[in-house]
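Could you have a look at this structure, given as structure tokens, before my questions?
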Amino acid sequence: MPEDRPHDGDDFQLVTRTGDLERTQYGIPLAVLAELTHRCPLQCPYCSNPLELEAASGELTTAEWLHVIDELAEIGVLQIHFSGGEPTVRKDLVALVARATEVGLYSNLITSAVMLTRDKLAALADAGLNHVQISFQGAEPVVADRVGGFRNGHAKKLAAARWTRELDLPLTINAVMHRQNLHQLPDIIDMAVALDADRLEVANVQYYGWALKNRQALMPTVAQLEQTTRLVTAAQQRLNAVLVIDYVIPDYYASRPKQCMGGWGRQFFNISPAGKVLPCHAAETITGLSFESVRDHSLDWIWNHSAAFNRYRGTDWMPEPCLSCAHKEEDFGGCRCQAFALTGDAGNTDPACALSPMHGRIFALAETESGADRNAFLYRNFSGGLPETD
């Protein structure tokens, strides 16, 4: 699956309804990630889907997704990001995009693109699709196809990117970067320009789900990260009028936590293939939290009243040093999923923060693992992972 999170920038703005004064900790859900399926022909070792993937038999039906799209518009959502897995495996994708257009939602297709044809993309454009984001695993087939675990995938992606621009759809290239492909970043930047992309996301792997299992094979070195930062900064200046470049560093090397999804349950949610509504794509990794389904409750009720969404909203839940931190209204405590993965308690300070007692430990862990001689992947699949063979 592509690295499918919306950009986690600090400029995430809270939107509220006029006169809605009682909601001071969250607003209208602005954007929704609709994970239509966990099925995907790629086997990326950093996939952000859960380790226990949802079978096709458990997915929401077409009628259920159409009802969800109607509800999204009713509660004030502005954007829907169709993702997966690989959303193009759903035969009803054109109908879902058409419904999103009908109710006034901006629609974005987040895709690996390896199953797209020009005719299918044209049908999606005719249905009102507004934007396409294509994931790339490298700058050329040897690295890219190995990372994705899919033969000839890179060539298919290039073709789909060209079709996207031929159909006059805006294009974002999502380049998920790690130790084994960072050396290709200069060529990836050149590729994005050559493909006439509007935006390039240089997204270093974030370690949840399958990426956590593959951390030793993916973690970049400090030297790589420093070189990448210099390279991106120079490219941003050089290509300022040509290409927007977003840059996300690995949390393990950060000194401040990112404002994950604009803050837990403040302006974004994710709907899983089975209809569970999540504050972020990795939230189900937090054991002990129960997430409601669109099959049982309305989206309005889940957004406003579900225990899971309210658990880490705002700042009242925070422990020290977060509670008295001057930045608590900026980062909202960072990532709850990462806090759980690394400390065992989602309520703890995100270890990406320099004030966390675990910060030094995870930085040292990153340095150690980045130098480890372990490059083989555990590929994503429905049976718990497939070890890479020579």
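The values are calculated or read from the model by the stated rules, or taken from the named source; none is laboratory data. Since the structure is predicted, the reported quantities are computational estimates derived from the model, not experimental observations. Cβ: placed from backbone, ideal geometry, glycine included. Neighbour counts: every protein chain shown. Accessible surface areas use protein heavy atoms only, side chains included; no ligands, DNA or RNA. Shrake-Rupley method; radii C 1.70, N 1.55, O 1.52, S 1.80 Å.
Are there any pairs with C-beta distances below 9 angstrom linking a residue in the range 340-364 that is over 20 Å from G209 (Cβ atoms) to a residue that is of a type in the set (G, A, S) and in a helix (DSSP H, G or I), with the two at least 6 apart or on different chains, and if so which?
Sorted first by the residue in the range 340-364, then by its partner, the pairs are G347/A339; T349/A339; A354/G360; S356/A339.
Hey, another quick one. For the condition closer than 23 Å to V142 by Cβ and surrounded by 15 or more Cβ atoms within 10 Å (Cβ to Cβ), what is the one hit in L158, L171?
Exactly one of L158, L171 is closer than 23 Å to V142 by Cβ and surrounded by 15 or more Cβ atoms within 10 Å (Cβ to Cβ), namely L158.
Next question. Does the range 148-180 hold any residues that are in a helix (DSSP H, G or I) and within 19 Å of the chain's Cα centre (by Cα), and which are they?
G148, K157
Which one of N304, N310 is open to solvent by less than 50 Å² (accessible area, probe 1.4 Å) and under 19 Å from I75 (Cβ atoms)?
On inspection, the qualifying residue turns out to be N304.
Tell me, yes or no, whether the range 188-202 has at least one residue that is assigned to a loop (DSSP other than H, G, I, E, B), closer than 19 Å to Q224 by Cβ, in contact (Cβ under 8 Å) with a residue 40 or more places away in the chain and touching a Pro at 6+ places or on another chain (Cβ under 7 Å).
no
Going by the structure shown, is A211 within 20 Å of S48 (Cα to Cα) and not in a loop (DSSP other than H, G, I, E, B)?
So A211 fits the description; yes.
Considering each residue of the range 321-361, count those that are surrounded by fewer than 21 Cβ atoms within 10 Å (Cβ to Cβ), within 22 Å of the chain's Cα centre (by Cα) and closer than 22 Å to T221 by Cα, and give that number.
1
Going by the structure shown, is A211 open to solvent by less than 40 Å² (accessible area, probe 1.4 Å), farther than 30 Å from A364 by Cα, under 20 Å from the mean Cα position of the chain (by Cα) and in contact (Cβ under 8 Å) with a residue 40 or more places away in the chain?
Taking the combined requirement at face value, the residue does not satisfy it.
Exactly one of (1) assigned to a loop (DSSP other than H, G, I, E, B); (2) at negative phi is unmet by A113. Its number?
It is condition (2) that A113 fails.
Search the range 281-296 for residues being open to solvent by 10 Å² or more (accessible area, probe 1.4 Å) and out of contact with any strand residue (DSSP E or B) (no Cβ under 8 Å at 6 or more places or on another chain), and hand back the single one that is nearest to L53 (Cα to Cα).
T285
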